[in-house]
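Enquirer: This is the structure I have questions about; it appears just below.
Every read-out reported here was derived from the displayed coordinates using simple, explicitly stated rules and does not represent laboratory data. Predicted model only: the values in this text are computed from it and were never measured. Ideal geometry is used to build each Cβ from the backbone, glycine not excepted, and the neighbour counts take in all protein chains shown.
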Ligand SMILES: NC(=O)c1ccc[n+]([C@@H]2O[C@H](COP(=O)([O-])OP(=O)(O)OC[C@H]3O[C@@H](n4cnc5c(N)ncnc54)[C@H](OP(=O)(O)O)[C@@H]3O)[C@@H](O)[C@H]2O)c1
C-alpha cells in the first residue's frame with residue numbers, strides 16, 4: 001500500500017509519500033481501507049517533535065481520524081465485517097497504524113458505523129474535532145439548555161461541531177469566524193449571532209446580545225489572543241474552557257476575581273477511559289440523529305500531506321481539512 005511515513009521529527013518536508021507494508025490486524029483490531037483522513041493541528045505538533053502529550057516511535061504514519069470500508073477483522077471482532085462503512089476515531093486507543101495511508105489498522109473500539117447519509121470525507125472530520133468539542137462543552141463546562149455560550153473560533157474543526165452540539169443542547173450560541181465564508185458556515189451550524197474576529201471591536205456587540213449580563217460559557221480556540229477579552233465578556237460565575245493556545249499573554253488575574261470565573265484547560269489526551277467512551281457514544285448518537293453534520297472544507301490528495309500540514313495552521317478555516325485517499 002501507499003501512505004505517509006515520518007522517519008524523523010521536523011518540518012512538513014519529513015512527510016514522505018511512499019510504499020509501505022500492509023498493516024495486519026491483530027486480535028481485537030480492524031483493518032480499514034481508508035477513503036479519507038482528517039488532518040488536525042495536533043498532527044503538525046506531533047510531527048515537529050516535542051509535543052507535550054504524545055511522541056510516537058519513529059518511523060510512524062500520522063493520523064488518528066479517517067473513514068472508509070472495513071477490509072479485514074482480527075480475531076475476537078464480531079461487530080464488523082468486510083465492506084462495512086465506518087469512521088475511525090483512534091486518539092486515546094492503542095495500536096492505530098495511522099490514517100494517512102491506504103490501509104489503517106485500529107482497535108475495534110476506535111471504529112464506528114458511518115451513517116449512510118454521510119460521505120467518507122465527513123466521517124474523517126469526526127474524531128478529534130467532535131471528541132474535543134464534546135469534552136469542552138459537556139465534560140468541562142457542563143453546558144445547560146438555555147445558557148448563553150461564546151464559541152471563540154467557531155469556523156474550524158472543533159468550533160463548527162461545538163456550535164452544532166451547543167445549539168442542539170438548547171444553548172444560545174454566539175460564534176466567531178475570521179472570514180465571510182466562515183461567518184456563513186457558523187450561522188448555518190446553528191449560531192444565533194456570529195461575530196467576525198478579524199474586525200476591531202467585534203466583541204462590543206456582546207453587551208447588547210447578552211442584555212449586559214455577559215455569557216455563561218466561553219469555549220476558546222486561541223486563548224493567547226483572547227483570554228483577557230473573554231473575562232470581560234463573561235457573566236459573573238461564568239466558565240471559560242481553553243481548547244487552543246499557541247503562545248503566551250500578559251494577563252490580569254484580577255479579572256477572574258471580578259467575574260468569580262472558573263477557567264478550565266482541556267486536552268482530549270487526558271480523558272479517562274470512561275470519559276472517552278462516553279464522549280464517543282455521545283458523538284456517535286449525535287451523528288446518527290443529525291445533530292452533528294460534519295463540515296468538510298478543503299480536500300487535498302494524500303500525497304500532498306505536507307501542503308495540508310502548512311494549510312491547517314493558516315487562518316480562514318472553512319470547516320475540516322481532509323486528505324482524500326481514494
Ligand atoms: N485541547 C485539546 O484537546 C485540543 C483538541 C483539538 C484541537 N485543539 C486546538 O484547538 C485549536 C482549534 O483546533 P481546530 O482543529 O478547530 O483548528 P482549525 O480547524 O485550524 O480552526 C482554527 C480556528 O481558530 C479560529 N481563529 C483564528 N484566529 C482567531 C482569533 N483571533 N480568535 C479566535 N479564533 C480564531 C479560526 O477562525 P478563522 O480561520 O475563521 O479565522 C478557526 O475557527 C488549535 O489550536 C488546536 O491545536 C486542542
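Enquirer: On full extension of the chain, what length is gained from residue 7 through residue 254, given 0.36 nm per residue of separation minus the C-alpha to C-alpha distance?
Expert: That works out to 84.2 nm of additional length.
Enquirer: Next up: Suppose the chain between residue 24 and residue 205 were pulled fully straight at 0.36 nm per residue; how much longer would it get relative to their current alpha carbon spacing?
Expert: Once the chain is fully extended between residue 24 and residue 205, it gains 59.6 nm.
Enquirer: So what does the Cα-only Debye profile of the stretch 62-120 read at q = 0.12 Å⁻¹, as log10 I(q)/I(0), no solvent term?
Expert: Results for the stretch 62-120 at q = 0.12 Å⁻¹ read -0.24.
Enquirer: Also: Express in % the proportion of alpha carbon pairs of the stretch 129-269 at distances exceeding 23 Å.
Expert: That tail contains 23 percent of the Cα-Cα pairs.
Enquirer: Right, here's the next one. Which order do 225, 163, 176 fall in if you start with the one that has the fewest other Cβ atoms within 10 Å?
Expert: Ascending number of Cβ neighbours within 10 Å: 225, 176, 163.
Enquirer: Just want the ordering: 134, 269, from fewest to most Cβ atoms lying within 10 Å of their own Cβ.
Expert: With the sparsest Cβ surroundings first, the list reads 269, 134.
Enquirer: Can you tell me which of 129, 62, 115 moves the most in a GNM of the chain? Springs connect C-alpha atoms under 10 Å apart.
Expert: 115
Enquirer: Could you give the distance between the Cα centres of the stretch 258-279 and the stretch 192-221, to the whole Å?
Expert: After rounding, the separation between the Cα centres reads 23 Å.
Enquirer: If Rh is defined by the Kirkwood formula over all Cα pairs and Rg also comes from Cα, what ratio Rg/Rh do you get for the chain?
Expert: The Rg/Rh ratio comes out at 0.98.
Enquirer: Give the order of 257, 300 when sorted by the count of other beta carbons within 10 angstrom, beginning with the fewest. Spell out each step's value before the answer.
Expert: Values: 257 10, 300 16.
Ranked by crowding around the Cβ, least crowded first: 257, 300.
Enquirer: Also, I was wondering about something else. Tell me, in nm to one decimal, what length is gained between residue 285 and residue 145 on full extension, where the rule is 0.36 nm per residue of separation less the Cα-Cα distance? The partial results should precede the final answer.
Expert: Working: separation 140, 0.36 × 140 = 50.40 nm, distance 1.82 nm.
The span from residue 285 to residue 145 would gain 48.6 nm if fully extended.
Enquirer: Moving on to the next point. With each run of n ≥ 4 DSSP H residues scored as -39500 (n - 2.57), what mean residue ellipticity at 222 nm is computed for the chain after dividing by its residue count and rounding to the nearest 500 deg cm²/dmol? Numbers along the way, then the final one.
Expert: Values: 10 runs with 87 residues, N = 326.
Rounded to the nearest 500, the figure is -7500 deg cm²/dmol.
Enquirer: What nm value, rounded to one decimal, do you get for the distance between residue 75 and residue 313 when each label is placed 7 Å out toward the C-beta?
Expert: Label-label distance for residue 75 and residue 313, simple model: 4.4 nm.
Enquirer: Continuing with the same structure: To test your reading of the geometry: what angle, between 0 and 90 degrees and rounded to tens, separates the Cα axis of helix 273-288 from the longest principal axis of the chain?
Expert: Taking the Cα atoms of the chain, the angle to 273-288 is about 90 degrees.
Enquirer: Restricting to the chain, what percent of DSSP beta bridges are antiparallel, rounded to 5?
Expert: About 55 percent, rounded to the nearest 5.
Enquirer: What whole-number distance in Å separates the alpha-carbon centres of the stretch 111-188 and the stretch 3-53?
Expert: With the stretch 111-188 and the stretch 3-53 each reduced to a Cα centre, they are spaced 25 Å.
Enquirer: Moving on to the next point. Once the Cα atoms of helix 157-168 and of the chain are each reduced to a long axis, what angle between those two axes, in degrees from 0 to 90 to the nearest 10, is obtained?
Expert: Computed tilt is about 60 degrees.
Enquirer: Right, something else. Measure off 7 Å from each Cα along the Cα-to-Cβ vector at residue 58 and residue 262, then give the distance between these two points in nanometres to one decimal.
Expert: Taking the two extended label points, one gets 4.3 nm.
Enquirer: Further, regarding this structure: Ratio of alpha-carbon Rg to the 2.2 N^0.38 Å globular estimate for the stretch 1-91, to two decimals, please.
Expert: 1.16
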